[in-house]
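Right, one structure below, let's go through it.
The values are calculated or read from the model by the stated rules, or taken from the named source; none is laboratory data. The structure displayed is predicted, hence computed values, not measured ones. Here the Cβ positions follow ideal geometry from the backbone for every residue, glycine too, while neighbour counts run over all protein chains shown.
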């Protein structure tokens, strides 16, 4: 089911031409993959061990800390490294806002082809 629904969505040209449609379909694919991996690992381990597993609070807090660290590192990288071009930099380089929006549309125009 997690393969059929995104595939059916991607077969529609209207979804392939829409950035929101592509994003929604990609989210469905990722959620389907996560659900499959969780199902395989959790049910397989529980049936092999014959016991029910529930993570302790320490395991959950370490996982949360690793995720928070990842978000913090990405936030710092996006702020201090030249990853995203700001409008002030684009205008000072001689490219007006219409040039940057045209480039963004040009990049999205081939989405789904």
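The residues of region 21-54 that are farther than 30 Å from residue 9 by Cα and surrounded by 10 or more Cβ atoms within 10 Å (Cβ to Cβ), listed by number, are 44, 45, 46.
Restricting attention to region 1-20, the residues that are more than 21 Å from residue 39 (Cα to Cα), more than 18 Å from the chain's Cα centre (by Cα) and exposed (fewer than 13 other Cβ atoms within 10 Å of the Cβ) total 4. Cβ-Cβ contacts under 8 Å between residues 6 or more apart (or on different chains), taken from a first residue in region 54-65 that is not assigned by TED's automatic domain parsing to the domain that holds residue 42 to a second residue that is at pLDDT 95 or above, are absent.
When each of 65, 103 is tested for being more than 30 Å from residue 5 (Cβ to Cβ) and at pLDDT 90 or above, the lone residue that passes is 65.
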